[in-house]
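Any read-out appearing in this document is the output of simple, stated calculations on the displayed coordinates, not a laboratory observation. Every value quoted in this text rests on a predicted model; they were computed, and no experiment measured them. For neighbour counting, all protein chains shown are included, and Cβ atoms are generated from backbone atoms with ideal geometry for every residue, glycine included.
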Amino acid sequence: MPKIIANDADAIRLNHFLAQVGVASRRACDALISAGRVRVDGKVIRELGTRVVPGESEITVDGTRVGSPARRIVMILHKPRGFVSTVTDPEGRPTVIDLCRSLGRRQRLFPVGRLDVNTTGALLVTNDGFLCYKLTHPRFGIPRVYEVRVRGRMDDAQIRRLERMAAEEARIAERVEAAAAAARPGMRSPRKPRPSVELIARKEKEAVLKVTLLEGRNRQVRKMCEAVGLRIVALKRMSFGPVSVWKLPEGAVRTLTARELAKLEQAVGGVKRGH
């Protein structure tokens, strides 16, 4: 029987996973599922709410296996402004995948999570759906470190409010991890740092912050700063887990070293596949 799970905290919706690995948009993936073109461990799946645990089942679309490449590629991109973090864009804007073609020809590449169009910095790109799933799942809490330049008179009260928002994220992550542990006794998540906000520099009308978060929720850093009355001038993600864009020019991309890849896998407790 395929590994189809309704309540496992590690499971995600099948359409979400297919969209995550660059098959199509979620709506288009729903159409693929409804048409009977998606199989899980050989079984045709038509129910749109189906949840699966990637890596524990073979998922195919029109007979082609997705998310489990024969040769894994993992790259770090220093994303520039103006590029969208998707495989394709209906508005015709340049995508992060356009910057990676030379290193991943004939591969189904997709970004690990997203950075919004005006945010620069570290973005992982891969063809490995299971690794992507683990790196973006909140239970594993992979730290993302941002450098944030804000306009406005920064005061200690604003710093404390930002710290409280970061602490709330830690509590949410702990609840997700507790739910996963209850569903899978004996499975442990790797130890991880706690979210934090640190003032790096402060001038009369501008400040620089270092923000560490454990999730990549949509526009999270921007929303936090807006909530305390700060306007972001520049936002850059310096690192994703153990991988940083240090010495990597903006717009450049490179494959991860063996050491970086080993640290990345260690951060998610290893990448052990069922197939």
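A simple spin-label model places pseudo-atoms 7 Å from Cα toward Cβ; at ARG26 and THR64 they are separated by 2.4 nm.
Label zone of GLU168 (point 7 Å out along Cα→Cβ, amide N under 17 Å): in the stretch 226-249 this covers 226-230.
Ratio of Rg to Rh for the stretch 62-169: 1.06 [Cα atoms; Kirkwood radius as inverse mean 1/r over pairs].
Among all the aspartates and glutamates, which ones have a C-alpha under 17 Å from LYS43's C-alpha, if same-chain residues fewer than 8 places away are not counted? Result set, ordered by chain and number: ASP30, GLU56, GLU58, ASP62. For the stretch 83-134, the square roots of the Cα gyration tensor eigenvalues, ordered a ≥ b ≥ c, give a/c of at least 1.5 with a/b no greater than b/c, which places it in the oblate category. Provide the convex hull volume over Cα atoms per residue for the stretch 110-166, in Å³. With only Cα atoms used, the stretch 110-166 gives 97 Å³ per residue. Scaled against the 2.2 N^0.38 Å expected of a compact globular protein of N residues, the Cα radius of gyration of the stretch 205-253 reads 1.30.
Every Cα-Cα pair in the stretch 1-137 was counted, and those over 24 Å apart are 29% of them. In a fully extended conformation the segment linking ALA157 and ALA227 would gain 24.0 nm over its present Cα-Cα distance, using 0.36 nm per residue.
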